[in-house]
Amino acid sequence: MTLRRHVLTPQMVQHEDFQDRGETRWLPYVMYFHRADYSSEVLNTDRLGFRVSHGRSESASVAGRQVEGPISLLAGSSTAFGVGSTSDATAISSRLWSQYAPATPWLNFGGRGYCSTQEVLLYLLHQQMLPRVEQIVILSGLNNLALAGLPQAYQGDYGAFFSGSEYQNQMEELLEKHRKSRRSGLARLRERLTTEPSLEAQATPGLDERIATAVERTAQDLERWQLLAGAAGTRVTFALQPFATWVRDKHTPQEDELFGELDREGSVFWELFGEVAPIEVGRRYADELSAACAKHGVEFLDLNPLMGAAAAAEDWLFVDRAHCTDEGYDLAARLLASGLNLLTDLHPKP
């Protein structure tokens, strides 16, 4: 049976292939990153997995074709990467470079499924490859809030990350191989399963704790961004990414159809985001993030109310609740450029 999202948003077939779990690249420090040297009409990555960005007449990426500095970076998670876009040229970094803020090349530094710590680690590991960076825009926030809702067993001392359960299970199996005991590994496993509550049975944080944890983790990593980049004179901005239920209460017919199909297929959306989906939660989260940014000397911009005010009721902005259409990404790029005073008038009046 043909899925409606593959009819309404055929580019998602390619995005889903790109995210094939069987092709995950497990890496030191950041845990995982994109498929490298991926080539298609919808998206392309370089030898390290960074997505290609397009300017008016040229293209570039972190580990692909180089450009001279100064440059700008669009960091963050899957929205910065551009999940849902129909081509590299319609992702936000490309729209900034080609249309709305072309004074410097914009490279795509987004990481699908990353939390804020992985985002800053990615920069730490590749900083030496970059020319002078004039500014970094971190387009993120949603993953930290989702992960902060997981049981404490996933949080640890450094915060939760996606695929954390796989990591824990694999590490436990490795530990079992190295433990010297008269008991068999099977006996130890039985004992652990019968004495330890399952993760599903463990209490999850309440909303107040969840927001506080997400803000605290983000603030810690913003301080790291400032130490790594801000000390060199790089302008660092945090932009809260657009989320469909934070942008507006009513959605277009296409959005309703896509969201409904994903829900019927057993999407984990309500499990991860249901508690934080209301628009008032998004505004509260933004207020607390804004205060954290001010404390660390980082500029802050919330794209959600801006997109809600700028979009017409019939504008189809989202392919799912967390990722945009080309029209949505174009609007986000324009509002980013305007909010950061980077907007360029490409058609000045005579």
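Odds and ends about this structure:
- Residues considered: Leu27, Leu43. Of these, the only one that is at pLDDT below 95 and at negative phi is Leu27.
- Filter pass, Ala89 being in the same structural domain as Val298 (by TED's automatic domain parsing), assigned to a loop (DSSP other than H, G, I, E, B), closer than 29 Å to Ala60 by Cα and among the aliphatic types (A, V, I, L, M): no
Results for (1) within 21 Å of Thr234 (Cα to Cα); (2) free of Cβ contacts under 8 Å to residues at least 24 places away in the same chain; (3) surrounded by fewer than 19 Cβ atoms within 10 Å (Cβ to Cβ), shown as yes or no for each residue.
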{"residue": "Ser39", "(1), (2), (3)": "no, yes, yes"}
{"residue": "Gln66", "(1), (2), (3)": "yes, no, yes"}
{"residue": "Gln99", "(1), (2), (3)": "no, no, yes"}
{"residue": "Pro105", "(1), (2), (3)": "yes, no, no"}
{"residue": "Phe109", "(1), (2), (3)": "yes, no, no"}
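- Sole exception among (1) part of a loop (DSSP other than H, G, I, E, B); (2) closer than 21 Å to Asp326 by Cα; (3) without any contact (Cβ under 8 Å) to a residue 40 or more places away in the chain; (4) touching a helix residue (DSSP H, G or I) at 6+ places or on another chain (Cβ under 8 Å) for Leu43, by number: (3)
- Qualifying residues in the range 293-327 (those that are surrounded by 22 or more Cβ atoms within 10 Å (Cβ to Cβ) and in a loop (DSSP other than H, G, I, E, B)) - the one nearest to the chain's Cα centre (by Cα): Ala322
- Note on the range 255-296: among residues that are out of contact with any strand residue (DSSP E or B) (no Cβ under 7 Å at 6 or more places or on another chain) and among the hydroxyl-bearing types (Ser, Thr, Tyr), the one that is nearest to Ala214 (Cα to Cα) is Tyr285.
- Some residue of the range 111-121 being more than 22 Å from Pro242 (Cα to Cα) and either assigned by TED's automatic domain parsing to the domain that holds Phe318 or in contact with a helix residue (DSSP H, G or I) (Cβ under 7 Å, 6 or more places away or on another chain) (or both): yes
- Qualifying residue in the range 81-97 (condition: surrounded by fewer than 23 Cβ atoms within 10 Å (Cβ to Cβ) and among the aliphatic types (A, V, I, L, M)): yes
- If you go through the range 95-144 and keep only what is in a loop (DSSP other than H, G, I, E, B), among the basic types (Lys, Arg) and closer than 18 Å to Ser338 by Cβ, you end up with nothing.
- Any chance Gly55 is among the small types (Gly, Ala, Ser), farther than 24 Å from Val247 by Cα, assigned by TED's automatic domain parsing to the domain that holds Asp17 and at pLDDT 95 or above: yes
- When Gln118 is tested against (1) surrounded by fewer than 24 Cβ atoms within 10 Å (Cβ to Cβ); (2) more than 17 Å from Val83 (Cβ to Cβ), just one condition goes unmet, and that condition is (2).
- Index of the failed condition, Leu258 passing every other in (1) within 24 Å of Ala148 (Cα to Cα); (2) assigned to a helix (DSSP H, G or I); (3) of a type in the set (A, V, I, L, M, F, W, C): (1)
- Subset of the range 46-57 that is touching a residue at least 12 places away in the same chain (Cβ under 8 Å) and part of a loop (DSSP other than H, G, I, E, B) - its residue that is surrounded by the fewest Cβ atoms within 10 Å (Cβ to Cβ): Arg56
- For the range 232-242, the criterion of being modelled with pLDDT of 95 or more, buried (at least 17 other Cβ atoms within 10 Å of the Cβ), assigned to a helix (DSSP H, G or I) and in contact with a Lys or Arg (Cβ under 9 Å, 6 or more places away or on another chain) is met by none of the residues.
- Leu189 of a type outside the set (Ser, Thr, Tyr) and modelled with pLDDT of 95 or more: no
The values are calculated or read from the model by the stated rules, or taken from the named source; none is laboratory data. Treat the numbers as computed from the prediction; the structure is a model and nothing was measured. Cβ: placed from backbone, ideal geometry, glycine included. Neighbour counts: every protein chain shown.
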